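Each reported figure results from applying straightforward, stated rules to the coordinates on display, with no laboratory input. Just so it is clear, the model here is predicted, and its values are computed rather than measured. Every residue, glycine among them, receives a Cβ derived from its backbone with ideal geometry; neighbour counts consider all protein chains shown.
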2 protein chains.
Amino acid sequence: MSTWFVDRKPVDTIPIDDRAAQYGDGLFETIAIRGGTPRFWTLHLDRLQQGCERLGIDAPAAETLQEALAAAIIACDIDTDFAVARITISAGTGPRGYRRPTDAQTSFRIGIFESRAMPATAYRDGVETRLCRTRLAIQTQLAGIKTINRLEQVLACAEWNDASIVEGLMLDTEDRLICGTMSNVFVTSGKTIATPAITRCGVAGIMRRHVLTLLENARIACDVRDIAATELQAADEVFLTNSQFGVLPVTRCAGQAWSVGSMTRQVMSLAAGNGVPECAP
Amino acid sequence: MSTWFVDRKPVDTIPIDDRAAQYGDGLFETIAIRGGTPRFWTLHLDRLQQGCERLGIDAPAAETLQEALAAAIIACDIDTDFAVARITISAGTGPRGYRRPTDAQTSFRIGIFESRAMPATAYRDGVETRLCRTRLAIQTQLAGIKTINRLEQVLACAEWNDASIVEGLMLDTEDRLICGTMSNVFVTSGKTIATPAITRCGVAGIMRRHVLTLLENARIACDVRDIAATELQAADEVFLTNSQFGVLPVTRCAGQAWSVGSMTRQVMSLAAGNGVPECAP
């Protein structure tokens, strides 16, 4: 169940000439709502604004977005104690043609959706993943931001149906590990943590950014760098981050098995103490 | 001006949870309407069906599409003697999430738009182009088909405002010449023509395919192969193909100048005699 709002009014349609629908010309944020409040709002807003700048469209005013989101949370018919919001930014409406009309005006819409917490067993025992055949194309101009061009993720998710597989990990076209279809990935080796640089492709997740800050504050070394696919197999521990579930241990991928290790536990504990209580042991 | 139809009824909205609008999950065709009839319908239909197969969605029945397009041409308020139709195929509607719902049903909508012929001077004297900074990412899974993930083209078109520049040529991330933002490109060297292989990125245009068939029938050698960016500068002649304008000579790109040569004239003459009268001298 969901409720969508445009200009604070509930809607169930958008203009047929919306550029998001015509060309994927826009971006979006998926924001955890906890206790009726958007979690990590400033981080989401920051990525949204950066994304608009990269796409060359005007970002809606921060206060406008924040107030519209707050209004949607109040007006919707959904239990917002634990929910998820999607803000979609469209480059506006326009006639046929890749070129944006000079009078195009950025628009946005907000959807509030029901959400369920991951089962406690997922946090305790870890989750199984697979390695996707679909690769991420290298496109530095779009890397990091959450655009509406997401066919690679759609195709990757279509690769499996087994509900016991929680996520698919993705490589780029040059055999680097990049991220999951809807999450970021971290690998550990001894006392060191590493996560792929999101400079060529992939989405730089909000929870990834939060965890990187937590690690820095806790003086736990974490390298943001290129990670070869082969490093995944050699990792001591693997974990995922995502704005909705927080931090999840990975126990399986592509024939490799890991136990839930102490580094992952430490990161989960840090997150649990810093805004992401879902990760508490 | 345009008119959009869904289920043969005029509409101006689509569902807000349409997957094309959420993730660019779909594809489209842009079809020249000449004398009230879609030009090269079977070629468009073929690419549309191939695209659906590549995306893993059900294509609407061929007769359904053809009849709906014919009905839209009749019902619209536009002079369809010379117009353009867009058929958008969406993977359907669905809740938040990259994974398509098991009950998702492919939908389509048809828009009929006013169109204007290119000025005669463009065909006679050729057109100026630029070399875009935006590169095409290498993604073999999506190469050739006309998906709704078109941000690269949108960003490329945003690079220039000068109306005297008719098209931007695009390289892939490995310095190969691939296509224009909305056209395909051919280069000649002596008596040989070549056009880039569309196997890693780019859209395999309908007019490109038509011209390749015409060349084959006329026993004019045309190589479909990788073309390095440096080959563009060395070309004797350069021309563009596009389903709307047909064939256009290129006289300028990235500091290089070409005259309208005999090979290009020959191709334009072939096209003019085979369904694309716009190209007639």
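Across the stretch A:120-279, Cα-Cα pairs more than 19 Å apart make up 49 percent of the total.
Between 0 and 90 degrees, the angle of helix B:62-75 with respect to the longest Cα principal axis of chain B falls at about 90 degrees. Sorted shortest first, the separations between the B:S262 label point and its copies elsewhere in the assembly read 8.2 nm; each point sits 7 Å from Cα along the Cα-to-Cβ line. Counting Cβ atoms of other protein chains within 10 Å of each Cβ in A:132-143 and taking the mean gives 5. Of interest is the spacing of the C-alpha centroids, which for the stretch A:127-188 and the stretch B:29-100 amounts to 30 Å.
A point 7 Å from Cα along Cα→Cβ stands in for B:A62, and the other copies hold the same point at 5.7 nm, listed in rising order.
Springs join every pair of Cα atoms under 10 Å in this Gaussian network model of chain A, and among A:L155, A:L248, A:L131 the largest mean-square fluctuation is at A:L155. For the stretch B:120-275, the relative contact order comes to 28 percent (Cα pairs under 8 Å, sequence separation of at least 6). GNM remark for chain A: springs join alpha carbons under 10 Å apart, and the peak mean-square fluctuation among A:T147, A:T192, A:T121 falls on A:T121. Backbone phi angles across the stretch A:101-106, fed through the Karplus curve with coefficients 6.51, -1.76 and 1.60 (θ = phi - 60°), yield HN-Hα couplings of x, 5, 9, 5, 10, 3 Hz in residue order; Gly and Pro are listed as x. Quarter the surface of the alpha carbon convex hull of the protein assembly as shown and you get the mean projected area, 25.4 square nanometres. The magnitude of the dipole of chain B, with charges of +1 and -1 set on the Cβ of Lys/Arg and Asp/Glu and taken from the Cα centre, is near 280 debye. With the alpha-carbon atoms of the stretch B:141-184 aligned to their principal axes, the span from lowest to highest coordinate is 34, 24, 16 Å, starting with the largest. Charge dipole (Cα centre; +1 on Lys/Arg Cβ, -1 on Asp/Glu Cβ; no other charges) of the protein assembly as shown amounts to roughly 500 debye. Here is the size of the stretch B:2-114 from its Cα atoms: Rg then Dmax, 13.9, 43 Å. For the Cα trace of chain A, dividing Rg by the Kirkwood Rh returns an Rg/Rh value of 0.97. D by Stokes-Einstein for the stretch B:183-232, Kirkwood Rh over Cα pairs, 25 °C, 0.890 mPa s: 217 µm²/s.
Distances between copies of B:D223, taken at a point 7 Å out from Cα along the Cα→Cβ vector and listed shortest first: 4.3 nm. Under the combined filter of DSSP loop state and at most 15 neighbouring Cβ atoms within 10 Å, the stretch B:1-48 retains these trypsin sites (Lys or Arg not before Pro): B:R8.
Using θ = phi - 60° in the Karplus curve 6.51 cos²θ - 1.76 cosθ + 1.60, the 3J(HN,Hα) couplings for the stretch A:258-271 round to 10, 8, 7, x, 6, 5, 4, 4, 5, 5, 4, 5, 4, 5 Hz; x is entered for Gly and Pro.
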